[in-house]
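No lab work stands behind these numbers, since they all come straight from the coordinates. As the structure is a computational prediction, the values presented were derived from the model and not from experiment. Because the Cβ atoms are built from the backbone with ideal geometry, glycine has one as well, and the counts that use them run over all protein chains shown.
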Amino acid sequence: MKLKYILFLFFIILFISCDKSSTGPGTENSFGGIVQTDSVGRIISDDSTQWPGRINLFDNHGIVPIGWGFGPAYPNPSFSDSIIIPFVTPLRIKTTILCYARTGLVDNVVDTVYSGLCVAGIHYFNYKRKLPKGIYRIQLSMDNSSFSSFGNIQFK
């Protein structure tokens, strides 16, 4: 009897501790949340797990940063068909920005936002939506560097 009671409590605790915020694979929230930003890039609601190596567009005082930086994108979510994706590079380097959608448990590249050579400085890419409404992951990588970053965007 004692073992049945312990097993019963174990399954109750397991059920209660399950993450109910996830809506499952293939749904709009597959990547989780977004960093909400206004139309000029100010953060409204943050998610510190996204846009690692992020840049602060309001704290550089007109000086080109000497390090790497990426995002967050703005406005996010976007109610139009475009979103700005900012990043910084301290040198001339081949840069790739990819857009992913999640299907089941797999992330698939659905669009190449940019792939090419970038000079040192701050860059702003105006990404025109070619995809259905939903949450997508944007990933930036730069050749010959260890810098890579990602963040989620949402088109409504």
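Descriptive notes on the structure:
- Sorted ascending by nearby beta carbons within 10 Å, beginning with the fewest, Tyr124, Tyr100 become Tyr124, Tyr100.
- Remark: Arg54, Arg42 ranked as Arg42, Arg54, counting other beta-carbon atoms within 10 Å and listing the fewest first.
- Order by protection proxy (mean Cβ within 10 Å, highest first), peptides 67-80, 108-121: 67-80, 108-121
- Cα centroid separation, segment 70-115 to segment 127-153 (Å): 3
- Taking θ as phi - 60° and the Karplus parameters 6.51, -1.76 and 1.60, the scalar couplings of segment 99-108 work out to 10, 10, 10, 9, 10, x, 9, 10, 8, 10 Hz in sequence order, x denoting glycine and proline.
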